[in-house]
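Some notes on the structure that comes next.
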Amino acid sequence: MELLIASSSVADAGIGCWDLESGAEQLRYKSCASPPHGLACVGQRFLASSQLREQPSASSGSILYWSWSKPQVEVKSLPAEPIKPIAANSHGTYIAGGGQSGDIYMWEVASGRLLKKWHAHYRAVTCLVFSQDGSFLISGSEDGCVRIWSLLTVFEECESQRASHLYLHSFTGHTLRITDIVIGYGGVSATIVSASEDRTCKVWSLLKGRLLRNIVFPSVIDAIALDPAEHVFYAGSRDGSIYIAALNAESPSTSSYGMHIIGSLSDHSKAVTCLAYSTGDLLISGSEDGMVRVWDPITHNIVRMFRLAKGPVNNILVVRRPLYLNLGSFSNPHTSSRRHGSQLPPPLDKYVTSADEDVDNKGVIRLPSLYNAPRDASYISHRTIDNHLKELQQQGSSAATEMEVERLKHECNRTLQMVQQWKKMYENLHEFCVNELLDGDQVDGSKRNAV
Amino acid sequence: MARSKAASKKQQKQQQKRGVDFKKIKRKLGRKLPPPKNATNTEVKSKAIVLPEQSVASEKAGLAVSKKGLTLKELLQQTSHHNSKVRRDALMGLKDLFQKYPAELRSHRYAVIEKLRERIGDDDKVVRETLYQLLKTVVFPGCKEDNQGPFVSLMVAYIFNAMTHLAVDVRLMAFKFFDLVVQYYPPSFSLYADKVLQNYEDILRKNQFYLEDKAKLRSALAGLVRCLSLLPCNKRKVDSSEENMAGQKILHAFELDMPAESSGFSSITKKLKDLVPVLVNCFQDFFPSVHHMPLLDAQSFDCMHSILQSIDLVVGFFGYGIHQGKPASQLSYEGPDEAIWDHTISSLLLKKLFGVFPLNPTNHLSEKTCSDSRSGKAVWEKHILLLLPFIPKLVLQVASDWKSCLLQAFTKIFEGCNPQSSLKLACLSAIEEMLIPGDDMVYPDASDPLFEYQITWIRALPQLLILLGDKHPSSSQVVLHLLLRLGQCANSSSPFSREYENMQYSLDKFYSSCVDRGDVYYGPFIRLSWDSQELAICGLYYFSNLGPFLLKSIAFCCLCSELEHLVLFRIIEVLHSAFSAGHIQIADYISFFMTLLSRFKVLPENLTFAENIYPDVESDAKISNRGTFKLLTNTVCSCLSRIGDDSLVFQILEQVIFDQLLLKPPLDNACALLRVLVVLDCKPTRLSEQGIITLSKYLSGCLNVGSCEPSCIPEDDEENSLPTHQQTCCYYMLPCFFLFDRSPKLLKLVLNLMGSLITESSSSPSSHSYTQYGNDNSNQINAVVSALLLMHKDTKVRKIISSFKEEVVHILQIIHSLQVKFLVTGNPENGLAVITYTYDLSGRSQVTSFSLSG
């Protein structure tokens, strides 16, 4: 059910895609040279990756989209500056990108609009992570700073003007470049682990906004992965081993690696560059020698190995296989490409559009109904909603007139009844009077007759 | 009227007199007079008589007594004596008693405190002071560990009573008492905050006595500061708790809530609000008097400082971390009415306080000139130290003319003070606050007067670092941390980036500097602690263009034998990161590594050998660092292979390495250089033609000198059997084998050269004496043969070597002919030596030829 996706910094390697259960290689997506943290799966609908610049003279990098069914690049966006790390929230509504100048860009996927761009760090952003519920964005930078952004604050203009700074917390404990960040479950009270080139990993509390634990490793840590139960985390180091560090209990200080480090997984390979944890209790590591290794974290053995490229593996993702993407579509890419042909969203904008324009352009996100439903229909423009509203208003007024008519009719009936009643009364009275007169006459006549 | 009355009295008196005179009293003998009607019956009837003991004489054995022999009960009674001296003596006695018998205090503490509290409002000053000392030194420390709530509540009522006493002295003293209570039992402030603040407000309003009784007021204000510092808001407090948390052992532990920390404070906001204007007024009242004085005296300075601190704390409490005096719009989340109040307070502060405050530094400047002449410098420094933390905030707020004045004064202080002093540290922290752009990330522009000063400060930092040397690790650490922060912020858009870049030219002395040719002077870096070194190394990463100048200086540091090897590897790691981020030129980067590998001084295991080779090495550095060097070689290799395109790197490296090899470096370094070549090379070799020839010359040269081979290592034959030794041999030979494997041509050339070298040396005996020649020659033969044997042992090389049968046979033939020659010339000694060799050799060569034929 799960797909393993890996990309490399070497352009001819592309993005490899394997079935994690069977180990069968799926489609290989072409021409992708991604930087670390530059690959994202957007809402399980398609793959997006930022690109390393081909030559240093090129002024801007690019972000590419691949649909599941086609190995070729389908959409190419050119942001204003080279973007290295990108991240998408779990629903795939937003893509965040970190620029070389320290800016963070936030795009809406469905429309490609650049919603917001803000200056986040002094130096280049090196990694970006969304929290599990998508309400926080965590960024790490070359200047060793980790910052937590609440999307609510970032987008609420009055909120952001009132506060002296946009970020929720700023952690400046690291002295060198941040290499990786992971966040655990638990919403606002989640635990954040950050790794840096200063050989340390630091555990932070999102709720309290402070350092919980500092772990010094024997070598630089380039990648971390969190155990689902958050008992331990795995740290892939440049010396080729994956260290296991404790997150909860006090570890015995006799450990040969250092404080809080329980053990290590190692097969004496080259530096570990990326890590991922699958729900099937497998740890997946990418190495500088171009191999992807699948470990059993309990027995510390390698279960599988995949070969991606000659160059270093940069990114590993573990995603659930989309249901509508059956295996047949891989074997027959032509038909499926026709079927899914133009379903990818438009490229991402370069600049923030001015405020008066986006009044009309606001998107409305419908809740995802089913996995196999085509996702791209879920975007409806703001205008549709406006029309709906107008219609609703109009419908409401006609109903009111109907009610008015009803009321008038009702009144008419009642008056008619009244008229009838009055008429009847008049007739009765008339009859009574006539009778009276006639009787009187008769009495008078008979009297007279009698007299 | 009065006369007539007096006359009538006189008459009455005369009548009475007359009556007494003539009255005859008759008494009968033997008869007693009856007792008067109001007489008292003095007879005592009792069965036993009990006499209470007198206190002085009483038996007090086993009871706790003071010096004067009084028990606790007696002393307590005496505390309410009407004579103040007795009261004081009683208190002294209590102190004495409790010091001697701490158990006494513990068992009777409630009784004691009930009695003592009555003395808080005592009229006599000396008694109060004694009581204060008693409580401070004995009672509170003694009762510290048990439940203090009821204990404190017993006292507080009396303290409040004293706070409203008519005598000002008593009142001020009461504040002091409360301060003491808070000191030992901090929650008491939150419990009684309302009343205490009210009292403070009252006393500060009555300003007529400020100027007379500054010492008292100072202590009272100090108490206020202590109380207010308990308000939950302090930024610094949060920082310190963060530090504590880092050491926490259990991550998700349940945390106890502190009782009544912030909950109780919501009710006192109004009181605090009222307090601030009073404080400000009070401060203003101080000002004119201070202004007229030629020299600020310590007491009024302390008072003013305390007032300022209090204001700072209160405003900090409202702002919850927002800086003092920031515009009210940012404080407005507390609700509409509070927002208005904040506005008023802001304007109050801005108008009054800041209008007044900037005069202070100028005051201090003038004072500086005075005090310099009057050697009151120590006092002055203390004052300045207290003032410094306020400067960054002031700079943000005040008008520009004041600003430049202020900054000038500050810079003058910063430059003038001693690098080791705490004043410098305070200056540094103030600078950090002003240099690192705050949350809004706005850099100052060049027109700002601040900018000019910032540049000055930045330029002073490296000098300061070098001045500090290695004697003041904590100060150095602060400077290094500041530099690191600066580097982190100094990206290309920041105005400081150029300053930071330029800093590398002045930082070299921090690492090391070349004084004369080959003479290296090491900077303080090497001897600093690990933390500081780490900070310094991390700072290197942020130079956007790390030039060869600084790299050279770092390389010298790395080569220093005193440097711990962990630091060495850390430097390489960080430099590699910097390189991959594009901060170092590739040529500089490679030459850095080449310098490391070719200049690293390896101290081998064998001590005698080491002393032979490096007579200049001190005898205490005898621990071998060969292992370190091996690791270093590996690290460098992996770094170089990570650069990217191997063949390009190889091209760059090839010539450099050959140049180094031709300089004949020590064996270890040569081997390391060869290893680098091998790592970057691939199976069909990338070596150029020219390169192969050079290399072959070198390798055979190595053999000639006898240094590339195991035979160079002394006592070869005995140790050769040891596995460790064999490992070293293999380690040295391995790169050669790889090269041979990849380029058979190289092997051929080397074999040819080996053969010709033997003949050359044997055919040119003229320069040497006969014996010498024989030794040399046999050594060489030995070297060549053992090299051949080693190659032969390695299965892979054996395969290759089998394709060069002629060359090997040629060498063997030469050796054979030499053997014959020796035997013929018949020098007995040499002959013997040669015979043993020949025996050895023939045995070996047979093996070789056998295997070759096979």
Say R0 is 30 Å: what FRET efficiency, to the nearest 0.05, do B:Y521 and B:K796 get from their beta-carbon distance?
0.05
Shielding score for A:207-213, defined as the mean number of other chain Cβ atoms within 10 Å:
5
Per-residue HN-Hα couplings for segment A:296-302 [Karplus 6.51, -1.76, 1.60; θ = phi - 60°; Hz; x = Gly/Pro]:
8, x, 7, 8, 6, 10, 7
Cβ crowding within 10 Å averaged over residues, with B:455-466, A:188-199 ranked highest first
A:188-199, B:455-466
Would you mind computing, in nm to one decimal, how far apart the modelled labels at A:V419 and B:N418 are, each placed 7 Å from Cα along Cα→Cβ?
11.7 nm
Search the structure for amide H atoms under 5 Å from the amide H of A:T273, placed 1.01 Å from N in the peptide plane, and list their residues when 5 or more places away or on another chain.
A:G286, A:S287, A:E288
Using only atoms on other chains, find how many Cβ atoms lie within 10 Å of each Cβ of peptide B:476-487 and report the average.
1
At a probe size of 1.4 Å, how large is the accessible area of A:D439, to the nearest 10 Å²?
80 Å²
Across the residues of A:116-122, average count of Cβ atoms on other protein chains within 10 Å?
3
Please work out how much length the chain gains when fully extended from B:I49 to B:N281, using 0.36 nm per residue of separation minus the C-alpha to C-alpha distance, in nm with one decimal.
76.3 nm
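Do the alpha carbons of any pairs in B:K664/B:K745; B:K509/B:K630; B:K471/B:K509 sit beyond 20 Å of each other, and which pairs?
Table pairs above 20 Å Cα-Cα are B:K664/B:K745; B:K509/B:K630.
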What value in Å³ per residue do you get for the convex hull of the alpha-carbon atoms in segment A:95-168?
87 Å³
Sequence ranges B:672-680, B:736-744, ranked by mean other-Cβ count within 10 angstrom, highest first
B:672-680, B:736-744
Report the rotationally averaged projected area of segment A:1-119 based on its alpha-carbon convex hull, in square nanometres.
7.3 nm²
Taking the Cβ-Cβ separation of A:E391 and A:K30 as r and a Förster radius of 56 Å, what is the calculated FRET efficiency to the nearest 0.05?
0.75
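Please express the shape of segment B:77-139 as an equivalent ellipsoid: the semi-axes are the square roots of 5 times the eigenvalues of the C-alpha gyration tensor, given largest first in whole angstrom. Please report the intermediate quantities before stating the final value.
Working: eigenvalues 68, 25, 22 Å².
Three semi-axes, in Å: 18, 11, 10.
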Taking θ = phi - 60°, what integer Hz values does the Karplus form 6.51 cos²θ - 1.76 cosθ + 1.60 yield along segment B:89-104, in sequence order, with x for Gly and Pro?
4, 5, 5, 4, x, 4, 4, 4, 5, 5, 5, 6, 10, x, 5, 4
What are the residues whose amide H is under 5 Å from the amide H of A:R213, where those residues sit 5 or more places off or on another chain and H is modelled from the backbone?
A:V203
For A:M291, B:M791, write out the residues from largest to smallest accessible area, computed with a 1.4 angstrom probe and no ligands counted.
A:M291, B:M791
I need the calculated FRET efficiency for the pair B:K471 and B:S506, taking r as the beta carbon distance and R₀ as 22 Å, to the nearest 0.05.
0.65
Over 30 Å (Cα to Cα) - which of A:K117/A:K270; A:K117/B:K424; A:K202/A:K310; B:K176/B:K271 fall in this group
A:K117/A:K270; A:K117/B:K424; A:K202/A:K310
With each label point set 7 Å from Cα along the Cα-Cβ vector, what nm distance links B:K24 and B:E689?
18.2 nm
Packing-wise, with mean Cβ within 10 Å as the measure, how do B:98-104, A:258-264, A:46-52, B:38-44 rank, highest first?
A:46-52, A:258-264, B:98-104, B:38-44
Determine ³J(HN,Hα), in whole Hz, for all residues of segment B:36-47 in sequence, where each value follows from phi through the Karplus function 6.51 cos²θ - 1.76 cosθ + 1.60 and θ = phi - 60°; x replaces Gly and Pro.
x, 5, 9, 6, 9, 7, 9, 6, 10, 10, 8, 7
Taking segment A:194-308, the whole-percent share of alpha-carbon pairs separated by over 17 angstrom is 52 percent
Provide the gained length on full extension for the span A:S269 to A:R407, in nm with one decimal, where the gain is 0.36 nm per separating residue minus the Cα-Cα distance.
41.0 nm
Using 7 Å Cα-to-Cβ label points, what is the B:L662/B:A167 separation (nm, one decimal)?
10.0 nm
Tail weight of P(r) past 19 Å, computed on alpha-carbon pairs of segment B:622-669, percent
40 percent
Using a 1.4 Å probe on protein heavy atoms, which residues of segment B:514-558 have at least 30 Å² less accessible area in the complex than alone?
B:C538, B:Y541, B:Y542
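The values are calculated or read from the model by the stated rules, or taken from the named source; none is laboratory data. All values reported here derive from a predicted model rather than from experimental measurement. FYI the Cβ positions are ideal-geometry reconstructions off the backbone, even for glycines, and counts take in every protein chain you see. Note: areas computed on protein heavy atoms with side chains; ligands, DNA, RNA excluded. Shrake-Rupley method; radii C 1.70, N 1.55, O 1.52, S 1.80 Å.
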